[in-house]
Amino acid sequence: MRKVTQNSINAFLARKSGTFDNTSTDGDALFLFGNKIAEHRADGIYITTAGWASVTTKERLKGLGADVYTRKHVLHLDDKPWDGSWTKL
C-alpha cells in the first residue's frame, strides 16, 4: 500500500481532516481528486468509485478493506460485478 493511501485512510478512519497528495478527508468523507469515494454514515462506511474505476481509486478503496478489482474490463466488489455505486462496506 502506498504511503499516501495509508496516511489518508488512517486520517479518515480516525475522523481527522487532512490532505495527502491527491487525496483528502474532512473526517466524514474521503475524496480523491475532489470526488467523494467514501463516507461515514450512521450504520457504517460506504464506498463508491464516483464514476472513476481507476487504479488509484481502487487502491484507496482497498485501503479501507474493500475487495475491489477489475477482471475482463468489469469492475468487481467481493467477487461480484459492481457498477461502482454507493455500497456499504
> Taking other Cβ within 10 Å of each residue's Cβ, how do 87, 25, 57 sort, fewest first?
Replying inline: 87, 57, 25
>> Apply the Karplus curve 6.51 cos²θ - 1.76 cosθ + 1.60, θ = phi - 60°, to the phi angles in segment 51-60 and return the couplings in whole Hz, x for Gly and Pro.
In response: x, 10, 8, 7, 4, 5, 4, 4, 5, 5
>> Among 14, 38, 66, which one shows the highest mean-square fluctuation when the chain is modelled as a Gaussian network with alpha-carbon springs under 10 Å?
In response: 14
> Between the helical axis of 3-13 and the dominant principal axis of the chain, each derived from Cα atoms, what acute angle in degrees is found, rounded to the nearest 10?
Replying inline: 70
> In bins 10 Å wide, starting from 0, what share of all Cα pairs of the chain does each bin hold, as a percent?
Replying inline: 19, 56, 24, 2
> Do any trypsin sites (Lys or Arg not before Pro) in the chain lie in a DSSP loop with no more than 16 other beta carbon atoms within 10 Å, and if so, which?
Replying inline: 2, 15, 16, 72
>> At a 10 Å Cβ-Cβ cut-off, how would you order 33, 12, 20, fewest neighbours first?
In response: 33, 20, 12
> Want the number for residue 55 to residue 26: 0.36 nm per residue separation, take away the alpha-carbon distance, what's left?
Replying inline: 8.2 nm
> Fewest to most neighbouring Cβ within 10 Å: what's the order for 55, 74, 4, 68?
Replying inline: 55, 74, 4, 68
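Each reported figure results from applying straightforward, stated rules to the coordinates on display, with no laboratory input. Source: prediction; values computed, not measured. Because the Cβ atoms are built from the backbone with ideal geometry, glycine has one as well, and the counts that use them run over all protein chains shown.
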